[in-house]
Amino acid sequence: MTLLRAKCIIAGDDTVGKSALTQVFHSDGTHYPKNYLMTTGIELIVKSITVPNTKATVELYIYDSGGKEMFSDHVISNWDGIDVFLLVFDVTNPQSLINCEKWLERIKDKSYNNHLMGAVVANKIDLKGRRDVDTNAGSEFAKKHNLEYFECSAKENLNIEEPFKAIAQSFHSHYEECLEKFKCV
Amino acid sequence: MANLALSSAGVSVILATSSDDGFPPENMIDGDPQTFWVTTGLYPQEFIVSFPAKVNADTVSIQGVNIKTLEIYKGINSKPTDFEQICSKEIERKENENVTENIQVNSPITHLKIIITNGYDHFVAISSVAVTGSAIN
Ligand SMILES: Nc1nc2c(ncn2[C@@H]2O[C@H](COP(=O)(O)OP(=O)(O)O)[C@@H](O)[C@H]2O)c(=O)[nH]1
Ligand SMILES: [Mg+2]
């Protein structure tokens, strides 16, 4: 048995749905927060994921952070030692995708070796009539930074687990790579 | 000088904060530099090496990959309690290379607690914890 533990940051602008995504994932889809509660600090949630086709489990220590600029110094100070991350934007808000560049820089600063393991998440795809960022724009951004891309809706519990599974899998792959290196020294 | 911290001499690792059955903490005290214990994510990571009886320790040597900062504590009681810090160190960065850190102890010890407070990568490997010194008769 292998039990891996990863510090997972949910980053992105205010109101893109970071807390909703985290809550829905944590509750296996049974809890979607109906009212917007401003996340003023950091909330920690722990959830295990079994890595497909392995005997490994990854325990994600998920830090849902507030996105308001006013809180960012406080939030960022809790980002030391990021292992994996989800970078979330809102498909009805193009600026939230533009700001992902800025979030990514901050994540990079806090990552080991500037080594990034994360995914870009386009949220609120249920709001079809108000959608203002197409799939192409989102996936191009992800591709440019060598990140996986997912589209989901926290509200409709659509495709929520997939991005978390993907980062757990990346983390496990990196562990296997490290083991190979350790065996050679 | 001879290494006192060997499982063949009754030494054991009584606690370790990471778990991968393939790379158990005993690999640090089996006298084989090819085998290692691996941390499985997050810092700090900690382990305790216990001797069957008190020994006079001169030095402790820790050999590993990706260790950035560590702290070492000694326990002199028969129970692993009341640890006292020996040192806190930052280790030079060497990409994918085994680094050996030698620390003076010069004290009787029954237990050593080692805390890896940070790493240069997500994971750290330790292939050996060796202690030189002499048995107390
Ligand atoms: N329609 C829709 N609304 C969402 C979705 N996810 C979150 N919301 C709403 O967007 C607002 C902000 O969500 P929240 O999770 O608090 O955003 P955070 O600031 O990034 O943590 C709330 O009113 C949520 O109900 C979604 O997938 N679809
Ligand atoms: Mg929030």
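No lab work stands behind these numbers, since they all come straight from the coordinates. For clarity, every value in this text was computed on a predicted model and none was experimentally measured. Cβ sites come from the backbone with ideal geometry, for glycine too, and all protein chains shown count toward neighbours.
Once every DSSP H run of n ≥ 4 in the protein assembly as shown is given -39500 (n - 2.57) and the sum is divided by its residues, what mean residue ellipticity at 222 nm do you get, rounded to the nearest 500 deg cm²/dmol?
When only DSSP H runs of four or more count, the value is -6000 deg cm²/dmol.
Need one number: % antiparallel among DSSP beta bridges in chain A, to the nearest 5.
Numbers: 10 of 34 bridges.
Counting DSSP beta bridges with both partners in chain A, the antiparallel share is about 30 percent.
Taking Cβ atoms as reference points and 15 Å as the exclusive limit, the residues near residue A:111 contribute a net charge of 0, counting Lys and Arg as +1 and Asp and Glu as -1. The mean count of C-beta atoms from other chains within 10 Å of the C-beta of residues in A:2-14, rounded to a whole number, is 3. Of the residues B:42, A:87, A:158, A:97, the one with the fewest other Cβ atoms within 10 Å heads the list, and the complete ranking is A:158, B:42, A:97, A:87.
From least to most packed, judged by other beta carbons within 10 angstrom and beginning with the fewest, A:120, B:105 follow the order B:105, A:120.
With Cβ to Cβ distances under 13 Å as the rule, what net charge do the other residues near residue B:111 carry (K, R +1; D, E -1)?
Numbers: positive: B:54, B:74, B:79, B:113; negative: B:46, B:82, B:84.
That works out to +1.
Can you put A:183, A:47 in order of Cβ neighbours within 10 angstrom, beginning with the fewest?
Details: A:183 12, A:47 18.
Listing A:183, A:47 from fewest to most nearby Cβ atoms yields A:183, A:47.
Taken as Cα centroids, the range A:2-22 and the range B:12-54 sit 31 Å apart, rounded to the nearest whole angstrom. Please compute the net charge surrounding residue A:10, taking Lys and Arg as +1 and Asp and Glu as -1 over other residues with Cβ under 10 Å from its Cβ. Net charge in that neighbourhood comes out at -1. Restricting the calculation to Cα atoms, the protein assembly as shown yields a radius of gyration followed by a Dmax of 22.9, 83 Å. In the protein assembly as shown, the DSSP beta bridges split such that about 70 percent are antiparallel, to the nearest 5.
For chain A, the longest principal axis of the Cα atoms and the long axis of helix A:100-109 meet at an angle of about 30 degrees.
For the range B:7-135, what class follows from the C-alpha gyration tensor (a ≥ b ≥ c being the square roots of its eigenvalues): rounded when a/c is under 1.5, otherwise prolate if a/b is larger than b/c, else oblate? Don't skip to the answer; put the middle values down first.
Details: a/c = 1.59, a/b = 1.41, b/c = 1.13.
It is prolate, given that a/c is not under 1.5 and a/b is the larger ratio.
Comparing A:11, A:20, A:137 in a Gaussian network model of chain A where C-alpha atoms under 10 Å apart are linked, the largest mean-square fluctuation is found at A:137.
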